[in-house]
Amino acid sequence: MHHIAGSSRKPRERKGIYVAAGLVLVAVTLVLSLLAAQLMQELSRLRSASTDNVQWSLSQVQVELLVLETAIDDALHGETALDEVRQRFDIFYSRIDTLRRGAVFSGVTRQAQARSSLDSVADVLDSAVALIDGPDPVLAAALPALGATLSELRGEVRNIALTGVRLLAEQSDRDRQIFSGVLLRTGLVTVGVMVSMFLALFLAVWQFRIARRRSEDLQAQNMLYESAINASLEAIIVSDETGSILDFNPAAERLFGYKREHALGVDAEKLIIPKADVQLHRDRRAQLLEQFRSGEGNLSGRLEINAMRASGEVFPAEVSIGLTRRGAGRIIVTYMRDISERKLAQQNLTQARDDAVATAKAKSDFLAVMSHEMRTPLNGVMGLLDMLSETRLTRKQRDYVKTAISSGEILQGHIDDVLNITRIEAGVTRLNSSRFDVEPLLTEVKKINDPAAASRGNVIEVETAPSVALFGQDRHGLRQVLINLVGNAVKFTEHGRIVIRALPQGENGWIEFSVSDTGIGIAETDAKRIFDDFVMLDPSYKRTAPGSGLGLGISRRLVDLMGGEIGVESAPGKGSLFYLRLPPLDVAEERTIAPEETKAVDLPVIEDTGLSVLLVEDNETNRFVAREMLKKYGCRIVEAHDGVEGVEKASAERFDVIFMDVSMPRLDGIGATQAIREGGGLSRETPIIGLTAHALPDERRRLEEAGMKDCIIKPLRSAKVRDVIGQLLNQRQASEAASHEVGDPTDDLDLIDQETLAELTDTLPAALLTRQLERFRSELAETSERFLRDADQTTDLDELAGCAHKLAGSAAVFGAVALRATLLELESAVKYGVREDLHPLCVAAHETATKTLKALSELTDEHAQA
């Protein structure tokens, strides 16, 4: 492209040189022409001047005067005839008249002295004309006087001759000087022209050499460009702005399958552009040309297009486009590269990424499924063992149960370890930084491990430096790491000493936590891999220390997450020192967490709760375990075998709590929860507790988004069930207390007017009263659900008003004054109010109807007992 631009500039330079040379040549020609004209003029003037004749004439005047005097003297002596005198007089007279009137002598006659002398001579001659023309006797008599007069004219004639000679000499000098000047100027100009010609010749030779050198350079450059273009691995296509191909390199021949001679002059879009992309190609070319015309200069761009080979095969190509000027037009240089392999590689990379993501998801799904598959039977085993431990057992049986529970908890710990690693690797584990007391934390870790240490004859000690009283970090993560380290120390130490230390590390607020023991120690080669996953230094069947080899791997990940480092110093038979150095984290809220904050909240005494529970579980064993656990707390249990059945029962009856399994046929727990929350059933607002074996954090988030309040990870244990029941009772007590403090809108009116109901009881027979009450309660239950549906979407206002009016009349008959007041307000709002007021009134009508229905049931039971 630079070559093309340079070639376009050189003609303009040569044109300027030619114009300048032409102007100089014209100027020199004009000057020479002027000088030649001047020279010719001078030569012509010199030719017409006849200077020699003038000088001869001036000198001949004196001669003629002397000849005339001689003729007069000869005539006086008789030697000459008078006619000779007359002839000589006429000649002299003619000479004088010629001097006076001849243009040749004008230079002389313009001189005053010469003119005066000529006039004097002429006057004398004019006065003598009569004598000369008179008779001979008269002339002969006047000859002496005439001779004397003529003798007196000698001085005047001499003066005229000398003046003429002097003037002619001066004029000759001037003419000679003028002519010399013209000749000098002409010579100078000629010399200048000659010098210019030699200079021009030199410049021409110099320019010729430069042009030849440039031509050689240009030829070499063209050969270089040609070699580069021919050697280029990218197809290069040069075309004009109409798309006609001007050049086609060998790479383009190989790429498209056309010979260069066949491609030249052909429209590019007909040759290499697929028909489906022709319009797009034209639009892009027009856009680039428009940008070029707008003054943006050379342009370049890179884009991807579809190109077509001679065989008709369409392939993806990467295109780089450059534009430049060529005279008034533009040239488009296109570099093209087949990117089929790159596209394929990108597709392979994308597929590999997708496969990796799928593999990671498959891994998570596998862990979730395995967690579920292992926890589901474990749920039954642990639950039954818990219930068995609460029955009357012999000492031996109790030992068996205790051992079985311990084994189940170990198995559960292994499952939790695998899931912990998955959580950390998935990046879902987040730090919860807080400021806490270090020594209570270490003491808590000590107390947790004291029983296991005592069983092996070990003593655990805590040493804390005074300068590390408070620390800002993730307390829970640090506690888990220390528990893992101390647990390992207990496993591999017998009748020894284990020390938990906290010491300052450097001046940046870092703390080094360490756990040292006097156990069996670790070899140096084993110390390098001890923090890898599933590493057990004694993997043989005879090993005595239990574990899966994941504890230290989890600890390493947690320490990395907290921004610290973990390591070990040990030697076989000399014990081990595990250390972790942690930096202080920024604590958003300055507060100190004491160990008692981690304790469970006090739960009320749980004996006979009377809670109504819906248990949705597809596994018979799990249902049996959950049912038996809930029965201990006096719960009324309704069972559903899958999600569909659970939704139906939750819609038909209001429960205090719903225990919902997640993995079920037909409709899983998430779908069932969403259906209950979005439906208009009586248990729409009931707390739902998930039962799942999937312990991953994403699973918990999905359950919460579906509408579950909490989640219990299987296996289902008695303590977990007791915690959930206790929290529900606490919430109920708090809600009742708040309701009592705030006041129920219906407290101003009693739900049932006892006098009206008593009067009705006295008036109607018992059987008839019972039937009417049952009918009213059925109508009340049906209409209550209608109000709950209308609270979400009211369709027929007239029907709603009629329903409220009808039920208000029935409520008045049975003394349901609070319900009647609410229904009358709803009816009035339907007829005269605004639509926005209907939702809260429908909700209030539903709640009041539910309370009235419960109150009627209690009163009916009391009357029946009476």
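Each value in this text was obtained by applying a stated rule to the coordinates, not by laboratory testing. It should be emphasised that the depicted structure is a prediction, and the values quoted were computed from it without experimental measurement. Cβ placement follows ideal geometry from the backbone for every residue including glycine, while neighbour counts extend to all protein chains displayed.
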Out of Leu184, Leu246, Leu233, Leu224, sole residue that is of a type in the set (A, V, I, L, M) and closer than 30 Å to Val26 by Cβ = Leu184
Considering residues that are touching a helix residue (DSSP H, G or I) at 6+ places or on another chain (Cβ under 8 Å) and assigned to a loop (DSSP other than H, G, I, E, B), the number found within region 666-689 is 11
Answer yes or no as to whether Val486 is of a type outside the set (Gly, Ala, Ser), surrounded by fewer than 16 Cβ atoms within 10 Å (Cβ to Cβ) and touching a residue at least 24 places away in the same chain (Cβ under 8 Å).
-> no
Across region 331-348, which residue is surrounded by the most Cβ atoms within 10 Å (Cβ to Cβ) among those that are hydroxyl-bearing (Ser, Thr, Tyr) and more than 13 Å from Ala268 (Cβ to Cβ)?
-> Tyr335
Would you mind stating whether Val438 is without any contact (Cβ under 8 Å) to a residue 60 or more places away in the chain and aliphatic (A, V, I, L, M)?
-> no
